[in-house]
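Worksheet: one structure, shown below.
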Amino acid sequence: MYESNSIGSLGRNKSYETVEEVHVQNCSFIGTTNGARIKTWPGGSGYARKITFEDIMLQDVQNSIIIDQYYNIKTLSKLEYDAVRVSEVTYRGFNGTSASEKAINLNCSPSGCFNITLDQIYIVSSKSSQLAYAFCKNIANGTIGSTVPKVSCI
């Protein structure tokens with residue numbers, strides 16, 4: 001598998017970082033480890049906001065849609081509550097296949113992710129024996145439109 005580009009490693013070594021006004025559109029991810037990814041380190045500060053991923057084709061992608069605010073945490077005892085604030089993120093017009101069962105993974109810290117929108121999402125498993133599913137934690141003020149797999153935690 002190939003790595004894809006990520007918005008990430010924000011907040012490493014408890015740093016303050018900012019990213020905003022990013023628009024990723026009309027892309028194909030084929031056999032990559034990550035598709036649309038936002039990655040932050042626990043303990044960091046700052047923000048990642050006003051980010052849109054739109055009209056994305058996926059083929060056999062390991063992490064199709066992912067926000068990971070627990071990056072590089074191996075045990076919960078190391079968990080820190082603060083993280084770079086993730087807000088105003090839109091995922092729209094995704095179509096394709098996931099190499100893993102967890103097609104959508106919105107894993108936000110206890111400080112939360114805000115105003116996350118998912119719409120016109122159709123991601124199925126690339127393995128006929130598996131069903132794709134969505135996971136999310138600590139999402140506030142989200143908006144869910146049409147999604148496969150169903151996202152029910154916002």
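By the Cβ distance rule (another cysteine Cβ under 4.7 Å), the unpaired cysteines of the chain are 27. Taking amide H as placed 1.01 Å from N in the peptide plane, residue 102 has its amide H under 5 Å from the amide H of 133, each at least 5 places away in sequence or on another chain.
If we count other beta carbons within 10 Å of each Cβ, what is the order of 91, 122, 16, fewest first? Spell out each step's value before the answer.
Details: 91 26, 122 16, 16 11.
In increasing order of surrounding Cβ atoms, one gets 16, 122, 91.
Compute the Cα gyration tensor for the range 106-154, then decide on rounded, prolate or oblate, letting a ≥ b ≥ c be the square roots of its eigenvalues: rounded whenever a/c is under 1.5, prolate when a/b is larger than b/c in the other cases, and oblate in all that remain. Judged from the Cα gyration tensor, the range 106-154 comes out oblate (a/c at least 1.5, b/c at or above a/b).
Largest mean-square fluctuation among 89, 22, 124, in a Gaussian network model of the chain whose springs join Cα atoms under 10 Å apart, belongs to 22.
Taking every alpha carbon pair in the chain, what does the distance histogram look like in 5 angstrom bins from 0, in percent? Spelled out bin by bin, the chain gives 2, 10, 20, 23, 21, 14, 7, 1, 0 percent.
Taken together, the values in this text are just the output of simple stated rules run on the coordinates, not laboratory data. This is a predicted model, so every value here is computed, not measured. We place every Cβ from the backbone using ideal geometry, glycine too, and count neighbours over all the protein chains shown.
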